[in-house]
Amino acid sequence: MKLRLDLAKALRPGDVLKLAEANSNRYCAEPVFSKTGTGKLSPTSTEDSARDGALSTALIRKITRRVKRNGKSSKKVTDLS
Amino acid sequence: MARAPKKSLTFLEVIEHLQKFHRRAPFLFFNGNTFAELGRGLSHALFADVMAIRKKQLASLVAHFIAGVPEVDKKALQTGLEELSRIEDLSAGDRVTTLKKTLSGTISRINGDGSIVWKCDQTGAFITGSPQSLLAQRFLK
């Protein structure tokens, strides 16, 4: 299987922030894990699952575009030099 | 202030670090979504080429481990990651089944692009699919 390290490198904090905001409802607001040593993650509802799928697809599309754009711009720099 | 030298980490080490960060709880609220979603985001990017159902399972497994869900310990994470991200070493003539085990059949050929053409026992049709959408005979009951 090909691991997309190129895409992982292109991931930005803003991308993760969107995912974190969208999934906040599934996590405990307070730091329960540090207090009890047992964390919690609510099961996905159908809506969560659908939204998660859409967010995943959108994220991959976005960072793929970003990688292609960066590839083109670095090629331009190479061509100029 | 001197910066720490860059060090390469395996994906598993990154996930373990994220779990430790979540447990240290640097924020008063919402540590879980911050760190677990970092892992999920990385997983989405790294496994972008994996078929959707497995990609979702991989991201979910990573998020559950970072969130500290007791059922998903390090061993479960490691086994899960290996199993879910593994490409079957398939060849013509191998017996295969779909992920939900509703259909089974025999591989007739493997195309140059890696896609697999297999003959379905139930319908008799030739189906073309990705290697990630099939399980090898050893998973058949």
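Just need the relative contact order of chain B here, percent rounded to a whole number, with Cα pairs under 8 Å and 6+ apart.
16
Nearest 10 degrees, 0 to 90: what angle lies between the long axis of helix A:46-80 and the longest principal axis of chain A (Cα atoms)?
So the inclination is approximately 20 degrees.
Just to confirm, what accessible area per residue do you get for the stretch B:18-68 at 1.4 Å probe, in whole Å²?
38
Enter the accessible area of residue A:44 (Å², nearest 10), with the probe set to 1.4 Å and all protein chains included.
Counting only protein heavy atoms, the figure is 70 Å².
With a point put 7 Å past each Cα toward its Cβ, work out how far residue A:46 is from residue A:5 in nm, to one decimal.
4.2
What does the structure give for A:5-17 when I average, per residue, the other chain Cβ atoms found within 10 Å of the residue Cβ?
4
Scan chain A and hand back the longest stretch that contains none of the trypsin sites (Lys or Arg not before Pro) lying in DSSP loops with at most 16 other Cβ atoms within 10 Å.
On the way: sites that count: A:2, A:40.
The segment A:41-81 is the longest one with no such site.
Please compute the average number of Cβ atoms from other chains found within 10 Å of each residue's Cβ in peptide B:18-31.
Shielding by partners across B:18-31 averages 4.
Which of the three applies to the stretch B:1-44, rounded, prolate or oblate, going by the alpha-carbon gyration tensor with a ≥ b ≥ c and a/c under 1.5 meaning rounded? Spell out each step's value before the answer.
Values: a/c = 2.26, a/b = 1.23, b/c = 1.84.
In terms of gyration-tensor shape, oblate.
Using only atoms on other chains, find how many Cβ atoms lie within 10 Å of each Cβ of peptide A:47-59 and report the average.
3
Let's test the formula: R0 of 30 Å, r as the Cβ-Cβ distance of residue B:136 and residue B:13. What FRET efficiency results, to the nearest 0.05?
That pair, residue B:136 with residue B:13, gives E of 0.55.
Which of the three applies to chain B, rounded, prolate or oblate, going by the alpha-carbon gyration tensor with a ≥ b ≥ c and a/c under 1.5 meaning rounded?
On the way: a/c = 3.22, a/b = 2.40, b/c = 1.34.
Here chain B falls in the prolate category.
About its Cα centre, how strong a charge dipole does chain A have in debye, to the nearest 20, once Lys and Arg get +1 and Asp and Glu get -1 at the Cβ?
The dipole of chain A has a size of about 620 debye.
Assuming 0.36 nm per residue, please report the length gained on full extension of the stretch residue B:4 to residue B:51 beyond their Cα-Cα distance.
13.2 nm
Separation between the residue B:122 and residue B:79 pseudo-spin-labels, each 7 Å from Cα along Cα→Cβ, expressed in nm?
According to this spin-label approximation, the distance is 2.8 nm.
Please give, to one decimal in nm, the separation of the simple spin-label points placed at residue A:70 and residue A:21, each 7 Å out from Cα toward the Cβ.
2.2
The values are calculated or read from the model by the stated rules, or taken from the named source; none is laboratory data. Bear in mind the structure is a predicted one, so any value in this text is a computation, not a measurement. Virtual Cβ from ideal backbone geometry, glycine too; neighbours counted across all protein chains shown. SASA here: full protein model, heavy atoms, side chains in, ligands and nucleic acids out. Shrake-Rupley method; radii C 1.70, N 1.55, O 1.52, S 1.80 Å.
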